[in-house]
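Right, one structure below, let's go through it.
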Amino acid sequence: MRNVGVIFTEDEGSTTVETAIALSALIVVFSLMVAGIMTLAAYLSAIDIAGAAARAYAIGTDYQPPRGTITVTEHAGLATASAAVPAPLGTMTAQAIFPMEQ
């Protein structure tokens, strides 16, 4: 049986533990970066979907978004579209306004 004081003073295996902790930290940081990029892409998609929905409503055609949901309202000759697209870090929303065609 080994002495407890000897166990705490030995460095055997410390490199393995340090490497495991460092790799875990790198994986967490990389995952957060990927989630951030995916959230930014969802926001850009929401902007595009809102613009396309407002434009389609203004000219009188139907529009089905590739993902997410849209809400279109008309007031004072303007079509206002709101788009919501799910993302890893929350739901991204965007709004677009387009004048109605005569």
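The table below lists the values:
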quantity: Segment 85-102, residues that are touching a helix residue (DSSP H, G or I) at 6+ places or on another chain (Cβ under 9 Å) and either buried (at least 18 other Cβ atoms within 10 Å of the Cβ) or more than 21 Å from L40 (Cβ to Cβ) (or both); calculated: V85, A87, M92, A94, A96, I97, F98, P99, M100, E101
quantity: Some residue of segment 93-100 being in contact with an Asp or Glu (Cβ under 9 Å, 6 or more places away or on another chain) and at pLDDT below 95; calculated: yes
quantity: Those residues of segment 84-102 which are of a type outside the set (D, E, K, R), over 25 Å from M33 (Cβ atoms) and touching a residue at least 12 places away in the same chain (Cβ under 8 Å), in sequence order; calculated: Q95, A96, I97, F98, P99, M100
quantity: Residue that is nearest to the chain's Cα centre (by Cα), among those in segment 53-70 that are farther than 16 Å from M100 by Cβ and surrounded by 13 or more Cβ atoms within 10 Å (Cβ to Cβ); calculated: G68
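The values are calculated or read from the model by the stated rules, or taken from the named source; none is laboratory data. What you see is a predicted model, and the numbers here were worked out from it, not measured in a lab. Please note: Cβ atoms are built from the backbone with ideal geometry, for glycine as well, and neighbour counts cover all protein chains shown.
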